[in-house]
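Some notes on the structure that comes next.
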Amino acid sequence: MLRLIALSKTYATGDTALADVSMDVPKGQLVGLIGPSGAGKSTLIRCINRLVEPTSGQVMLGDTDLVRLGAADLRRQRRRIGMIFQEYALVERLTVMENVLSGRLGYVPFWRSWLRRYPPQDIRRAYELLDRVGLLQHADKRADALSGGQRQRVGIARALAQEPELLLVDEPTASLDPKTSRQIMRLLTEICAERDLPAIVNIHDVPLAQQFMQRIVGLRAGCVVFDDPPDQLSESALTTIYGAEDWHAMRQGDEEQAEAQADAKRRLAEMPV
Amino acid sequence: MTEISHYAQVWSHRTPRKRLLMWLGWLALVALFVWCWQIMTETTIWMFVTDAPRQAADIGGRMLPPRWGYLPELMNPLWDTINIATLGTIGGVIMAVPVAFLAARNTTPSVTILRPIALFIIVASRSINSLIWALLLVAVIGPGLLAGIIAIALRSIGFVGKLLYEAIEETDKRQIEAITATGASQAQILSYGIVPQIMPAFWGISVFRWDINIRESTILGLVGAGGIGLKLNASLATLAWNQVAVILLLILGTVIISEWVSARVRHAII
């Protein structure tokens with residue numbers, strides 16, 4: 001479905017963000033992209049829909065090489081790629097419905113989008129998607145009136161409104177609490193399974209990636225250093241990706257934190273109201 | 001607890017050198033002031049200055065009581081003044097919007113050619129006072145309301161254009177990126193990614209400028225550009241101080257009301 005061939009990106013400052021990245025993403029596969037900050041995860045995702053222009057290489061979406069396209073063709077191809085952002089990137093002052101409908105911008109002429117006269121089937125579909133992500137009753141609220149988890153659901157609905165063939169997801173849970181993060185990841189994986197959608201998900205949280213992804217790609221300094229199913233992600237693999245660290249102690253730390261959270265929750269529940 | 005003895009006990013905000021420089025700087029300022037005062041008072045005729053309180057009291061006395069009967073006659077010129085301000089603001093805003101989009105670094109189609117032109121338009125409009133615009137326009141298109149409206153509009157382009165282009169440059173890039181990623185065209189990116197973000201600034205700036213324009217348009221009549229300034233000019237020329245008092249009070253009232261309206265509108269938007 002998506003094939004990256006020798007994709008490289010060197011910024012004008014001389015920093016090499018991506019060096020010769022090649023990978024195949026078949027239909028329906030969830031790929032978790034992990035790696036330390038500055039490894040090029042965000043650049044890789046943005047090179048695919050050319051929000052960042054790659055320096056060299058090919059991005060094959062089906063049979064089309066996105067890197068070679070002119071502006072008008074690129075716009076047409078971008079419709080096939082839905083994108084979900086770290087801090088939701090909703091248009092804050094528009095309503096939830098307008099945000100979801102903005103996923104149709106690539107399909108409708110300017111006057112329709114300007115007058116908000118979207119075709120009836122687009123509107124029906126937007127309502128279906130809002131229902132699917134559980135926000136039907138919030139359709140006419142302004143986006144900035146929603147909570148973080150709700151906003152990310154709108155972000156998901158907006159991406160799906162494009163009827164994409166591929167999802168690019170940039171740190172979907174970085175600004176969410178652990179519980180909401182899991183809910184959002186679950187929703188994403190369910191939706192991808194329903195539609196047989198492939199997705200590339202940038203993710204900071206390694207346990208979360210292991211729990212929800214079918215394949216983990218580790219990036220370090222712009223190079224792919226790991227590419228296997230999540231159960232292969234051993235401590236030595238983590239060291240290759242992130243550098244030396246006492247991974248066992250860190251996991252113990254995670255467990256401790258989880259225990260502390262559970263304890264705090266229990267005590268809150270016991271408190272007289 | 002052990003006492004740490006090797007740290008310095010004395011701390012001063014500035015080094016001795018900086019303190020000396022500060023002192024010299026203040027000395028220079030005082031010297032400058034004294035020098036300026038001497039130049040300023042060289043040609044002053046002190047008899048007039050000492051006379052000032054008596055003169056002021058005299059004019060004040062002539063202003064009282066205000067000639068309230070003059071008020072009905074002022075309603076038409078006042079209406080003209082409000083129209084000059086409102087139509088001028090609308091015209092100025094309409095012209096300022098494209099200029100602002102050309103001047104903003106993130107929306108200009110050409111940084112090397114169009115952006116400097118737009119910035120020049122903004123500076124040119126801002127550097128000339130409305131009264132001077134009105135003087136020029138009265139000479140060009142003759143006295144009357146139209147000259148006033150255009151003067152206000154030309155002066156407003158710079159103010160609105162500058163504040164608006166700064167607002168455009170401060171928009172959140174991620175929202176624009178997200179709209180771009182959907183496959184939207186440039187026009188759609190503007191209308192979905194940027195316009196909603198600058199709407200509060202746009203209305204705030206426009207209403208603020210309207211409020212300023214009400215004040216500015218009250219004096220345009222002094223140079224023949226219509227409105228209440230014409231009446232003020234006439235009353236001043238005939239030394240009808242009790243009419244001047246009525247006009248000044250009316251202007252004060254109008255400005256207070258326009259400030260109130262502008263504050264309410266801005267509060268409602270933000």
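The values are calculated or read from the model by the stated rules, or taken from the named source; none is laboratory data. Since we're looking at a predicted model, the values are computed, not measured. Every residue, glycine as well, gets a Cβ built from its backbone with ideal geometry; the counts of neighbours run over all protein chains shown.
How do the pairs read when you match residues in segment B:214-241 that are at positive phi and of a type outside the set (S, T, N, Q) with residues anywhere that are at pLDDT below 85 and buried (at least 24 other Cβ atoms within 10 Å of the Cβ), using Cβ under 6 Å and keeping only pairs 6 or more apart or on different chains?
If the second residue must be at pLDDT below 85 and buried (at least 24 other Cβ atoms within 10 Å of the Cβ), the pairs left are B:Gly227/B:Leu220; B:Gly227/B:Gly221.
Residues of segment B:160-183 being more than 10 Å from chain A (Cβ to nearest Cβ) and polar (S, T, N, Q), which ones?
If the condition is that a residue be more than 10 Å from chain A (Cβ to nearest Cβ) and polar (S, T, N, Q), then B:Thr171 is the only one that fits.
Can you name every residue in segment B:215-270 that is aromatic (Phe, Trp, Tyr) and farther than 29 Å from B:Gly142 by Cα?
B:Trp260
Suppose we filter segment A:171-208 for residues that are aliphatic (A, V, I, L, M), farther than 25 Å from A:Met1 by Cα and either over 14 Å from the mean Cα position of the chain (by Cα) or at pLDDT 90 or above (or both); how many remain?
1
To keep it simple, each residue is scored yes or no on (1) over 30 Å from A:Ser147 (Cβ atoms); (2) touching a residue at least 60 places away in the same chain (Cβ under 8 Å); (3) surrounded by fewer than 19 Cβ atoms within 10 Å (Cβ to Cβ).
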| position | (1), (2), (3) |
| --- | --- |
| A:Leu4 | yes, no, no |
| A:Gly14 | yes, no, yes |
| A:Ile34 | no, yes, no |
| A:Leu44 | no, yes, no |
| A:Val67 | yes, no, no |
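Which ones in segment A:69-81 are surrounded by 12 or more Cβ atoms within 10 Å (Cβ to Cβ) and farther than 24 Å from A:Arg195 by Cα?
Correct list: A:Leu69, A:Asp73.
Could we say that A:Ala269 is assigned to a helix (DSSP H, G or I), surrounded by fewer than 11 Cβ atoms within 10 Å (Cβ to Cβ) and more than 25 Å from the chain's Cα centre (by Cα) here?
Yes, satisfied.
Can you tell me which residue within segment A:184-213, out of those that are among the polar types (S, T, N, Q) and surrounded by 15 or more Cβ atoms within 10 Å (Cβ to Cβ), is nearest to A:Gly35 (Cα to Cα)? Don't jump to the end; show me each part of the working.
To start, the set of residues in segment A:184-213 that are among the polar types (S, T, N, Q) comprises A:189, A:202, A:210-211.
Subset that is surrounded by 15 or more Cβ atoms within 10 Å (Cβ to Cβ): A:189, A:202, A:210.
Details: A:Thr189: 21, A:Asn202: 9, A:Gln210: 13 Å.
Of everything passing the filter in segment A:184-213, A:Asn202 is nearest to A:Gly35 (Cα to Cα).
Restricting to segment B:89-103, count the residues that are hydrophobic (A, V, I, L, M, F, W, C) and out of contact with any Phe, Trp or Tyr (no Cβ under 9 Å at 6 or more places or on another chain).
2
Cβ-Cβ below 6 Å, separation at least six or inter-chain, first residue in segment A:157-180 and within 12 Å of chain B (Cβ to nearest Cβ) and in contact (Cβ under 8 Å) with a residue 60 or more places away in the chain, second of a type in the set (A, V, I, L, M, F, W, C) and in a loop (DSSP other than H, G, I, E, B): which pairs?
Cβ pairs passing all conditions: A:Leu167/A:Leu197; A:Asp170/A:Phe85.
Looking at B:Arg155, B:Arg126 in this structure, which one is part of a helix (DSSP H, G or I), crowded, with 21+ Cβ neighbours inside 10 Å, within 24 Å of the chain's Cα centre (by Cα) and of a type in the set (Lys, Arg)? Don't jump to the end; show me each part of the working.
On the way: B:Arg126 fails: crowded, with 21+ Cβ neighbours inside 10 Å.
On inspection, the qualifying residue turns out to be B:Arg155.
For segment A:145-235, which strands (runs of 3 or more DSSP E) that fit wholly inside it have 1 or more residues that are of a type in the set (D, E, K, R)?
In segment A:145-235, the matching strands (runs of 3 or more DSSP E) lie at A:166-170, A:215-220, A:223-228.
Residues are listed down the side, and each one gets a yes or a no for (1) modelled with pLDDT of 90 or more; (2) under 30 Å from B:Leu232 (Cβ atoms); (3) touching a Leu at 6+ places or on another chain (Cβ under 6 Å); (4) among the hydrophobic types (A, V, I, L, M, F, W, C):
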| site | (1), (2), (3), (4) |
| --- | --- |
| B:Leu87 | yes, yes, no, yes |
| B:Ile90 | yes, yes, no, yes |
| B:Leu119 | yes, no, no, yes |
| B:Arg126 | no, yes, no, no |
| B:Leu131 | no, yes, no, yes |
| B:Val138 | no, yes, no, yes |
| B:Leu146 | no, yes, no, yes |
| B:Leu164 | yes, no, no, yes |
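Which of the residues belonging to segment B:253-270 are assigned to a helix (DSSP H, G or I) and either more than 19 Å from B:Thr86 (Cβ to Cβ) or small (Gly, Ala, Ser) (or both)?
Keep residues of segment B:253-270 that are assigned to a helix (DSSP H, G or I), which gives B:253-269.
Once the filter is applied, which keeps residues that are assigned to a helix (DSSP H, G or I) and either more than 19 Å from B:Thr86 (Cβ to Cβ) or small (Gly, Ala, Ser) (or both), segment B:253-270 yields B:Gly253, B:Ser258, B:Ser262, B:Ala263, B:His267, B:Ala268.
Mind listing whichever residues of segment B:115-145 are free of Cβ contacts under 8 Å to residues at least 40 places away in the same chain and either more than 24 Å from B:Glu169 (Cβ to Cβ) or touching a Phe, Trp or Tyr at 6+ places or on another chain (Cβ under 9 Å) (or both)?
Once the filter is applied, which keeps residues that are free of Cβ contacts under 8 Å to residues at least 40 places away in the same chain and either more than 24 Å from B:Glu169 (Cβ to Cβ) or touching a Phe, Trp or Tyr at 6+ places or on another chain (Cβ under 9 Å) (or both), segment B:115-145 yields B:Leu119, B:Ser125, B:Arg126, B:Ile128, B:Asn129, B:Ile132, B:Trp133, B:Leu136, B:Ala139, B:Val140, B:Ile141, B:Gly142.
Tell me, please, whether a residue that is within 14 Å of chain A (Cβ to nearest Cβ) and not in a helix (DSSP H, G or I) can be found in segment B:184-200.
Yes, the conditions are met somewhere in segment B:184-200.
When the residues of segment B:254-263 are filtered to those that are of a type outside the set (Asp, Glu) and surrounded by 11 or more Cβ atoms within 10 Å (Cβ to Cβ), which remaining residue is farthest from B:Gln197 (Cα to Cα)? Lay out the reasoning, then the answer.
So the first thing to find is which residues in segment B:254-263 are of a type outside the set (Asp, Glu), and the list is B:254-258, B:260-263.
So of that shortlist, the ones also surrounded by 11 or more Cβ atoms within 10 Å (Cβ to Cβ) come out as B:254-255, B:257-258, B:260-263.
On the way: B:Thr254: 32, B:Val255: 30, B:Ile257: 29, B:Ser258: 26, B:Trp260: 25, B:Val261: 23, B:Ser262: 21, B:Ala263: 21 Å.
If we take residues in segment B:254-263 being of a type outside the set (Asp, Glu) and surrounded by 11 or more Cβ atoms within 10 Å (Cβ to Cβ), then B:Thr254 is farthest from B:Gln197 (Cα to Cα).
Given (1) in a helix (DSSP H, G or I); (2) more than 28 Å from B:Thr107 (Cβ to Cβ); (3) touching a residue at least 60 places away in the same chain (Cβ under 8 Å), identify the lone condition not met by B:Gly161.
For B:Gly161, the failing item is (2).
Could you please find all residues in segment B:136-152 being within 24 Å of B:Leu119 (Cα to Cα) and surrounded by fewer than 19 Cβ atoms within 10 Å (Cβ to Cβ)?
B:Leu136
Is segment A:29-43 home to any residue that is touching a Cys at 6+ places or on another chain (Cβ under 8 Å), farther than 27 Å from B:Pro196 by Cα and charged (D, E, K, R)?
no
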